[in-house]
Structure formats: C-alpha cells, structure tokens
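Nothing in this text is a laboratory measurement; each read-out follows from the coordinates by a stated rule. As the structure is a computational prediction, the values presented were derived from the model and not from experiment. Cβ coordinates were reconstructed from backbone atoms using ideal geometry, including for glycine residues, and neighbour counts include every protein chain displayed.
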Amino acid sequence: MTMTHKPLDGKMAVVTGASRGIGNHIARALCAAGARVAITGRHRKTLETAARELGPACAPYVCDQRDPKAIPAMAASIMNYMGVPDILVNNAGVFRGGPVVNMALEDWEDVIRTNLTGVFLTTQAFLPGMLERGRGDIFLISSMSGKKGDPGAAAYAASKFGLQGFAQALLYEVRKANIRVMVLNPSSVDSGEDAGSKEGSGLHLHAADLAATVVHLAALPRRTLVRDMDIWGTNP
C-alpha cells in the first residue's frame, strides 16, 4: 500500500492563540499537512477541547501571551516534549477599540503586551534552538491595520505597525542561518466554520484561506522567501 506524502510530514509547529478563530484554522491546516502541532491559549478548557478536536498530532499548552514569565516556561515545556519547532506561527492577538481621547492606558498596554511584546518574547524563546539547528520558519500574523491606521483602532494599528519593524529587523539578523521570517497581512477575515461557497460576490477572506497560505509558504523550497504578503478577499 502506497503511503500518501503530505507537504509538512516530519515537521513540528507551534501556533499561538489557537484555541479558536484564525489560529485554530492554521493549526488544523498544519495538522492536515502532516505536522505535529503545539497550540497555546489562555483558557485551559477551551484549549484542551480544541486540541482533542484537532486530533492526536496536536498538543495543548496553556500560556497567557501577556505574561513575560509564562512565555519562556511554555516554550521550554514544548521543546522538552516535542523538540524545537520547524514552524512558529505568532498568531495570538487582541483588539481594544475606541478613540484615542478616551482610551484607557490599561487597554493600550493590553494590546501592546499581547500583540507586540508577546510576539517578541515568544520568538526570542524559540529562536536559539532554530539558530543552533540552522533552519526555521517564523510567521507573524499581522493585518492590513499594520499598513493603514483606522479611526478607533490606534492601539491595534500601533501593535501591527510594530510587527512590521520587528519582522524586518529580525529577518536581517537570522536569514543567514536559513531562518525565514514571513509577515501575513490579511484584510477582514471570516473566522467561523468554512462551510460556504469558495467564490462569488459578498465573500470575505476566510481564516481557512490564510491557513492554506501558511502551509503553502512553509512547504516552499528553502531557497524561497516571501517576506511580506497582503491577502485580500477577492470580491467582498
């Protein structure tokens, strides 16, 4: 009987913020492509339910992206049990809206700690192993808000613009070690179940499309780097 080859057979991936939404779709696609996947999230019950639904190739690791002590502990636990990841998907993020004049400092800091500082700490925790091995893919799930600020989204835009600078600097530090840093900038995303039509008018970009893009980029030849990708719905 011939075994069917999957594009990410033998790979190990970490997806942050994967108990639901975009991260869950990305984890599902990575599992389907043959990877073993560690998923993180803040709420144990929701995270463990997600891991069971994704199957035996998926393992849950509770971690609050805002906690600078929890992130290194999470990374150490994953590497102890599953090894250094081939693929790291920095997906966890939050949105706190409202005009700048009324924005509470607590909301601003919550967004920056989660969307920017948390990405820095998560990447930093896994990076030494990738550098030692001389290979790895680091994805940053950003947004079109990282290229265009919108009213009522100052904190979110600041965090996503920050990801662009972080990713560009990081890439120049690690590309000679065969580590790829890739930023994905989706437009409005439908993160529910992918049960509808795949084409036609009135359709937003779906999280499953973003997930398929991550799998495709991770499977590209190692000589290939897509540094920054804008992904839009065709005819929303």
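Distant-in-sequence amide contacts of Val89, defined by a placed amide H-H separation under 5 Å and a gap of 5 or more residues or a different chain, comprise Val14, Val15, Thr16, Phe139. Placing a pseudo-label 7 Å from each Cα along the Cα-to-Cβ vector at Asn235 and Ala104 gives an inter-label distance of 4.5 nm. Around the amide H of Asp230, modelled in the peptide plane, lie the amide H atoms of Asn185, all under 5 Å away and 5 or more residues distant in sequence or on another chain. For the chain, the square roots a ≥ b ≥ c of the C-alpha gyration tensor eigenvalues yield an a/c under 1.5, which makes the shape rounded.
Using a Gaussian network model of the chain in which every pair of alpha carbons under 10 angstrom is joined by a spring, one finds that among Thr224, Thr123, Thr16 the greatest mean-square fluctuation is at Thr224. Proximity of backbone amide H atoms, modeled 1.01 Å from N, is registered between Val37 and Ala13, Cys58, Ala59 at under 5 Å, excluding neighbours fewer than 5 places apart on the same chain.
What the phi angles of the range 14-26 give under the Karplus curve with 6.51, -1.76 and 1.60, with θ = phi - 60°, is a coupling list of 10, 10, 8, x, 10, 6, 7, x, 4, x, 5, 5, 5 Hz, glycine and proline written as x.
Filter the trypsin sites (Lys or Arg not before Pro) in the range 169-236 to those in DSSP coil with at most 15 other Cβ atoms within 10 Å of their Cβ, and list the result. Here the sparse-neighbourhood loop sites are Lys198, Arg222, Arg223, Arg227.
For the range 90-236, the relative contact order comes to 24 percent (Cα pairs under 8 Å, sequence separation of at least 6). Peptides 60-66, 129-135 ordered by packing proxy, namely the average of other Cβ atoms within 10 Å per residue, highest first: 60-66, 129-135.
Given R0 = 22 Å, the distance between the Cβ atoms of Arg175 and Lys147 translates into a calculated FRET efficiency of 0.50. Residue by residue through the range 165-174, which ³J(HN,Hα) values in whole Hz follow from phi under the Karplus form 6.51 cos²θ - 1.76 cosθ + 1.60 (θ = phi - 60°), with glycine and proline marked x? In residue order, the calculated couplings are x, 4, 5, 5, 5, 4, 4, 5, 7, 10 Hz. Residue-wise HN-Hα couplings along the range 106-118, as the Karplus relation 6.51 cos²θ - 1.76 cosθ + 1.60 with θ = phi - 60° gives them from phi, are 4, 5, 4, 5, 4, 5, 5, 4, 6, 7, 10, 5, x Hz; Gly and Pro carry x.
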